[in-house]
1. Under 17 Å Cα to Cα from LYS519, which lysines show up? Leave out anything in the same chain fewer than 8 places away.
2. Taking Cα atoms, how many degrees apart are the long axis of helix 567-579 and the longest axis of the chain, rounded to 10 and kept between 0 and 90?
3. Dipole magnitude of the range 270-323 about its Cα centre, charges +1 at Lys/Arg Cβ and -1 at Asp/Glu Cβ only, in debye to the nearest 20?
4. If you average the C-alpha positions of the range 707-751 and of the range 194-243 separately, how far apart do those two centres end up, in angstrom?
5. Relative to the longest principal axis of the C-alpha atoms of the chain, give the angle of the C-alpha long axis of helix 43-60, reported between 0 and 90° and rounded to the nearest 10°.
6. Per-residue ellipticity at 222 nm for the chain, helices alone: DSSP H runs ≥ 4 residues times -39500 (n - 2.57), over residue total, nearest 500 deg cm²/dmol?
7. Is the range 12-56 rounded, prolate or oblate when judged by the Cα gyration tensor, a ≥ b ≥ c being the square roots of its eigenvalues, rounded requiring a/c under 1.5 and prolate requiring a/b larger than b/c?
8. How would you order 75-81, 635-641 from highest to lowest mean count of nearby Cβ atoms within 10 Å?
Amino acid sequence: MSERPRSSLASKLADPPIEPHFKPLDYVETLAQLHEEIENAAEHEKAGLCLLQAFIFKGLGENKLVRRSLGAAINLANSPLAKIVYKAWLQLEKRGEDLNSRSSILDKHVGPANLDRGACTASSELSRASCDSADMDTISVGSLDEIITFSIGSEEVICGRQRIASLSVPFDTMLNGCFTESKLKRIDFSQSGVSVEAMRAVDEFSRTGSLPQLEPDGLLEVLTFANRFCCEHIKEACDSALANLVYTRQDALMLMEYGLEESAPLLVASCLEVLLQGLPGILQNSQVASLLSRADTRMFMMRTHSAFAFYSLLSQVAMEEDAGSDLCIMFLERLRESATSGRQKALTLHQLGCAMLERKLFLDAHQLFEAAVEEGHHYSLAGLARAKYELGHRNAALATFSTKLCSQKPTGWMCIERSLFCDEEEKMTELNRATEFDPTLTYPYKYRAARLMDESKVDEAILEINRILGFKVTTDCLELRVYFCLAAQDYAGAVRDVRALLTLNPKYTLYSGRVRASKLLDLLSPHVEQWNVADCWMQLYDRWSSVDDIGSLAVVHQMLESDPSKALLFFRQSLLLLRLNCPKSAMQSLQLARENAPTEHERLVYEGWIFYDTGHCQEAIVKAQKSIDIQRSFEAFFLKAYALADTNRDVEVSKEVVDLLKEALKCPSDGLRKGQALNNLGSVYVDCGKLDLAADAYLSALEIRHTRAHQGLARVYYLKNDRPSAYEEMTKLIEKAKNNASAYEKRSEYCERTKSLADLNMVTQLDPLRTYPYRYRAAGKYFEYFIWHIESLLCFFYAWNFCSFCWRID
C-alpha cells in the first residue's frame, strides 16, 4: 500500500468525511420521482416516503425542508406509534428552539394521547370501542342473566354467565359450549393464575364496560388475564389505562417490558414517547439502549410498520455521537434488519459502511459499500474507493470512478474523491474541477490554501481561504485561517478567528485536538491591543457599519467575557450568526439572551424573536405587545413592526408598521439598532409609494452609519427614474461593505446589460449560493436562443415570400 507524504500542511489536511446520507446523482430527478410516488402511494406507505424525502434534504443540508418532510410524515402516519417516532425526530431537529427546551418538554405526561391529535384519536377510539361493545353486551343479556360463581382459593366472585361469555370466544365456548363448565354454577378458577381483585375487575367490566380504579400491578394482572383468554376489549382498556400511568423514565423502563410481553401497543407507545423525549442523551443509559435494541422491541416495531423510522432515528443519534461505537453498530444492524425497499437497504448499507470505515474495518466497509452501490446508491462509490485504498489497492480506488461513472455527468464530490488518489499535479486539476462543478465544497479551497502556505505564499493562502469564508463560515476553514494569520504574525486576525470559533463552539480545539481554543486565546491576548468597554462598542460600531460580520462576532465575544450575562449582547450575537447562515448557533444565542434577560419585558421580546425565527409570527406579535404593555421599549416596538410587516402587506398594516417604527425610534437605543429601524421605515415608505419620505429615512440611517441604507436609497433613485444615481449609491455600498456580494447583485439592476453581467459574475465568485445570477444568465441565453430562432424563422418567411413572388411572376 502506498503511503501519502506527511511533511507539508496540505498533506496533513484530513480527507473530507464520507457523509452518512442518501445522496443521489441527480437531486431534481430523484425528488420529482419521489413526489410522484408520494402522491400515488397507498396511505400506509406515504409517511415512509416522506421520511426518505427528509433523508435527501438532510444530505443537501436543507434543515427547514427536513423539518417540513418530518411534519408531513407525522400527518400521514397511520399509527400512534409511528406518529410518536416522527414527532420525536422533529423535536430533535428543533432542539434548542423550544422556549422550554432547557426544562422538561412536558410538565405532565399523560401517555400518547397528549402527543398529538392523531394519537389522541386512536387512543380514545379504542377506549370507546371497549365501552360501546361492552354496553351492547350488557343490554343484550338482559336482567335475567344466569348467575355463576368463580371460586378462587377460599373466596368467590359472583358474575353473569352471558356477560362473561360475551368477553371473548374462549369464554363463550367454555360457558356455553360442550365443556363441563357450561353446566356448572360454581367454577374453580384457583389454577387460572388470576387474583380475586382482578376477577372482580373483569366482572365490573362485563357489567359496565369500564375498569375500576386499580393500581398498576392490578392493571398488569388484568392485562395478562385478557391476553390469556383473548378478551380484546379488556386488553384495550388496560392498555389505555396503563399508558396514562407513564410519567417518568423509570416508569417507561419498567412498564415497557410488560407492554412488549403482552403486546400492548398504546403502553409501548407511551413508554417510547417518554424515552425518546430524552434523546440524544438518554442513549448513554445502557439499560435504555439495551431495551431499545432488543429483538422483541424490533419485532413489535415491525408489526406496527414503524421499525425503519424508529431505528433510523436511533442510528442518526448514535452516529452523531460516535459513528464507530458499539451502540451505533447495534442500531444500524437493527436498521438493516428492518429495511424493506431498495432505497432503505441502500441507505442502511451505506451508513454501516461509514461506521466500519470509522472503525478501520476496511474489508467489511468494502463489502457494505459495494452492496449499497448494487442497490443503486452511487455516492457509496466514494466509500468503496476509500476502502480499496486503505486495503492497499490505490489503482483500483482510482479506477472506481472511471469505470463506474464514465457515463454519468461529473459532480464535485466525484472530482474530490478522485483527487485523493492522484499525483500532485493531477490532484490540483481535479480539485479545480470540483470547485467548478460545486463551488460550495470546502475541501478544494482548504487544500489550495494549504498548498500556497507550503510555498510560503501566506497572503495568497489567506485570499484563497477567504473565498469560502465569504459565503460559508465553517469551523475548519476558520481554524485554517488562524494558522495562516499566526504564520503572518497577524495576531489580531488570529484572535478574531479564535473568538469566532469559540462563539460557534465554546469547547473547540485546534492543532488536532491538542490545544483548546480558549487556551490559545489566552496566549495571544498579550500580543494584541486591549480594549475597554467603550473601545469595544466603537469597534463593534465600525465593523457593523462595514458589514464585517466575523469581525463583529469577535468583538461581541470579547464584550461577553467582561459581562457574560448581558442579554443584549447575546441578542446581537444571534443577529450576526443569522447573517452568517449559522441558524442553530443563532438560536442558542437567542435562548441565552432570553435566559439572561434582567427584566420581564426584555424576556418577552426575546421569546417573541424565538417565535418569529421558528415561523410563528402571530405569537411573536403577542409577545411584543405584552412587553409594550409592561414597558415601552425600542426592541418591543421593533419586533412588533417586523413581525407585522411579515404577516400582511396591505395599506392599513403598512400604516401601523410605520407608526410602530416611529414609536421605536422615540425610545432609547444605540445607533446600530436605530439605523436598522430607519432602514426598515424607508422600505415601508417605498412599498407605500412615498419615495420622498423613504429617501429621508434612508439618509437619516446613513447619517448614523447604517451602511446598508445605501441599497434602499438606490432603490428610491431607481423608482424616480434616476438610474445613474442608483448605480452610484450601490457603488458606495460596495466600497464600504466587506461582505458585498448582495451589493453587486443589486447594482446589476441599475446598469446596462454588459455591466450587469460583469456584476453578476462577480456575485457568483463572491457567493456561489446566490441563485439570481444563474437565473439571469440562463434567461439571457434562452433569450438569445429565442432571438436566433425568430431570426431564422423570419429569414425562412422572407425567402418563402420571395420565392412565391418569383413564382407568380413566372
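Every read-out reported here was derived from the displayed coordinates using simple, explicitly stated rules and does not represent laboratory data. Not measured: the values here are computed from a predicted model. As a convention, Cβ positions derive from the backbone with ideal geometry for all residues, glycine included, and neighbour counts pool all protein chains shown.
1. Of all the lysines, those that pass the test against LYS519 - Cα under 17 Å, at least 8 places apart if same chain - are LYS507.
2. With rounding to tens, the tilt is 70 degrees.
3. The dipole of the range 270-323 has a size of about 260 debye.
4. With the range 707-751 and the range 194-243 each reduced to a Cα centre, they are spaced 75 Å.
5. Helix 43-60 sits at roughly 30 degrees to that axis.
6. The helix contribution divided over the chain gives -22500 deg cm²/dmol.
7. Taking the square roots of the gyration eigenvalues as a ≥ b ≥ c, the range 12-56 is oblate.
8. 635-641, 75-81
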